[in-house]
Amino acid sequence: MGLVEAIDLYKSYDEKAKEKSYAVQGVTLTIKQGETLGLVGESGCGKSTFGKLLLQLEKQTSGKVLFKGQDISNYNFHKMRPIRRNIQMIFQNSTNLFNPYFIVKQILMEPVNNYFLHESDAEKEKRVRAILHSVGLDESYLTRYGNELSGGQRQRIGIARALILHPEFVVCDEVVSSVDYTMRNQILQLLMDLKEAFGLTYLFISHDLSAVQKVCDRVAVMYMGKVMEILPSINARIKHPYTKALLDATLDVNPRNREKQTMSLKETAESESAIANEGCPYQNRCLLAQDICKIHAPKLKNIGDDHAVACHVVDH
Ligand SMILES: Nc1ncnc2c1ncn2[C@@H]1O[C@H](COP(=O)(O)OP(=O)(O)O)[C@@H](O)[C@H]1O
Ligand code: SF4
Ligand SMILES: [Mg+2]
């Protein structure tokens with residue numbers, strides 16, 4: 001049993017439309033206790049939607065989400081409350097979501113007030129100071145407003161707010177996408193240190209395969225709402241044609257080529273969303289495509305050593 005499990009999860013944002021389109025299409029995935037599972041894929045492929053479904057911040061169209069074996073996918077607000085503090089999310093710009101008239105102390109106090117109702121003010125403040133310290137900021141930040149912080153400091157406050165209730169599972173959604181290279185490494189290191197200190201399990205979402213390879217134990221690759229490949233480790237040999245294309249786009253050192261490759265991946269994804277209703281979602285771009293790829297969608301298949309691939313041609 002995993003800590004968090006998605007079972008045949010679907011999400012459509014246009015439920016009333018005749019021809020539904022799905023942001024997440026039949027994803028079954030287990031996140032093991034204590035691991036960092038990477039989730040990569042281009043913008044718009046459904047990563048954030050999947051993260052929000054796991055945390056029940058969005059309701060699935062069908063399928064289930066299990067947390068510690070409990071099916072939480074139809075819990076009401078009341079039943080969800082004790083689970084909610086255990087499952088948290090860190091966003092790309094977490095602090096944008098905070099009240100701009102709040103100082104850091106108020107931002108961090110909000111979840112504490114919500115969950116530690118019976119504690120004294122002194123006890124609650126102790127929690128706030130402790131978490132601030134854990135993310136590498138001193139007490140002078142308590143009285144600052146969000147707009148008085150640098151990008152990196154804001155990200156640290158976002159992390160502090162997500163961790164102040166001591167959750168077990170955290171979805172990190174593009175947390176290093178808007179910071180520079182040095183800051184990126186510092187934030188990644190901080191997340192790894194906090195994982196050790198708090199015994200966390202992460203789903204680490206990023207469009208950047210190289211960031212994911214730095215911090216993740218396993219990596220799931222998503223394309224048009226489906227999981228194409230699950231790599232059992234960062235050193236595993238990539239099998240799926242799409243994962244290879246994604247890696248080439250991220251590793252190309254020439255920024256112009258990289259941009260071109262990413263663009264063409266994106267264009268293909270957009271044009272395919274209109275036409276590839278049957279068969280493999282990657283068929284129009286794939287150099288290995290066969291007739292069968294146009295008729296049957298490949299299922300995610302375990303090819304040994306915990307490595308799974310959804311492809312008719314390279315599934316062995
Ligand atoms: N709240 C929403 N309402 C309608 N469509 C949405 C909403 N959120 C995401 N989508 C659509 O769902 C698809 C997946 O989006 P998202 O999960 O944000 O992808 P990613 O995080 O990989 O960029 C996209 O086509 C996006 O436009
Ligand atoms: S199933 Fe066919 S089209 Fe899809 S990735 Fe494999 S070879 Fe390419
Ligand atoms: Mg996203």
(message) Run the Debye formula on the Cα coordinates of the chain, all scatterers equal and no solvent, and tell me log10 I(q)/I(0) at q = 0.07, 0.10, 0.14 1/Å.
(response) -0.30, -0.60, -1.12
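At 0.36 nm per residue, and after removing the present C-alpha to C-alpha distance, how many nm does the segment from K299 to S21 gain when stretched out fully? Working shown, then result.
Values: separation 278, 0.36 × 278 = 100.08 nm, distance 1.91 nm.
Full extension of this stretch gives 98.2 nm more.
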(request) Would you mind calculating the relative contact order of the chain from Cα pairs under 8 angstrom and at least 6 residues apart, reporting the percent as a whole number? (result) 20 percent
(message) Give me log10 I(q)/I(0) at q = 0.14, 0.19, 0.22 Å⁻¹ for region 1-148, Debye formula, one equal scatterer per alpha-carbon, no solvent.
(response) -0.87, -1.20, -1.33
(message) I'd like the orientation of helix 255-275 relative to the chain: the angle between its Cα long axis and the longest Cα principal axis, in ° from 0 to 90, rounded to 10.
(response) 70 degrees
(request) Kindly express, to the nearest 10 degrees and within the range 0 to 90, the angle between helix 121-134's C-alpha long axis and the longest C-alpha principal axis of the chain. (result) 50 degrees
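For a test of the definition: using alpha carbon positions, the gyration tensor, and the 1.5 limit on a/c, classify region 1-67 as rounded, prolate or oblate.
Values: a/c = 2.47, a/b = 1.63, b/c = 1.51.
Here region 1-67 falls in the prolate category.
Of the peptides 66-76, 305-315, how do they stack up when ordered by the mean number of other Cβ atoms within 10 Å, highest first?
Details: 66-76: 14.7, 305-315: 18.8.
The peptides rank, most packed first, as 305-315, 66-76.
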(request) Any chance you could get the radius of gyration and Dmax over the Cα atoms of region 85-229, in Å? (result) 15.6, 50
(request) Using a 10 Å cut-off on Cβ atoms, rank the peptides 80-88, 296-304 from the highest mean neighbour count down. (result) 80-88, 296-304
(message) For the chain, give me the percentage of DSSP beta bridges that are antiparallel, rounded to the nearest 5 percent.
(response) 55 percent
(request) Past 23 Å, Cα to Cα, is the threshold; run K239/K294; K11/K299; K11/K64; K47/K105; K11/K239 against it and keep the listed order. (result) K47/K105; K11/K239
(request) Go ahead and run the numbers for FRET between Q189 and K32, Cβ-Cβ distance against an R0 of 30 Å, rounding to 0.05. (result) 0.85
(message) Of L132, L3, G38, which is farthest towards the positive pole of region 1-148's charge dipole, taken about the Cα centre with +1 and -1 on the beta-carbons of Lys, Arg and Asp, Glu respectively?
(response) L3
(request) Just grab the label-to-label distance for K126 and N114, each label 7 Å out from Cα along the Cβ direction, in nm (one decimal). (result) 2.3 nm
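Does region 72-135 classify as rounded, prolate or oblate by the C-alpha gyration tensor (a ≥ b ≥ c root eigenvalues; a/c under 1.5 gives rounded; else a/b over b/c gives prolate, otherwise oblate)?
Values: a/c = 1.97, a/b = 1.28, b/c = 1.55.
In terms of gyration-tensor shape, oblate.
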(request) Determine one quarter of the surface area of the Cα convex hull of region 128-170, which equals its mean projected area, and express it in nm² to one decimal. (result) 3.0 nm²
(message) Translational diffusion coefficient of region 35-99 at 10 °C, 1.306 mPa s, Stokes-Einstein with Kirkwood Rh over Cα pairs, in µm²/s as a whole number.
(response) 118 µm²/s
(request) Note the angle between two axes, namely the Cα long axis of helix 181-198 and the longest principal axis of the Cα atoms of the chain, as a number of degrees from 0 to 90, rounded to the nearest 10. (result) 70 degrees
(message) Based on alpha-carbon centroids, what's the gap between region 208-225 and region 42-112 in Å, whole number please?
(response) 20 Å
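If Lys and Arg each add +1 and Asp and Glu each add -1, what is the summed charge of the other residues whose beta carbon sits under 9 Å from the beta carbon of P111?
On the way: positive: R85, R161; negative: E110.
Here the count lands on +1.
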(request) Please give the FRET efficiency for Y145 paired with L57, using the beta carbon to beta carbon distance and R0 = 35 Å, rounded to the nearest 0.05. (result) 0.85
(message) Can you tell me the length gained on complete extension of the stretch L288 to H78, counting 0.36 nm per residue apart and subtracting the Cα distance?
(response) 70.6 nm
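Each reported figure results from applying straightforward, stated rules to the coordinates on display, with no laboratory input. From a predicted model like this one, the values you see are computed outputs, not experimental measurements. Because the Cβ atoms are built from the backbone with ideal geometry, glycine has one as well, and the counts that use them run over all protein chains shown.
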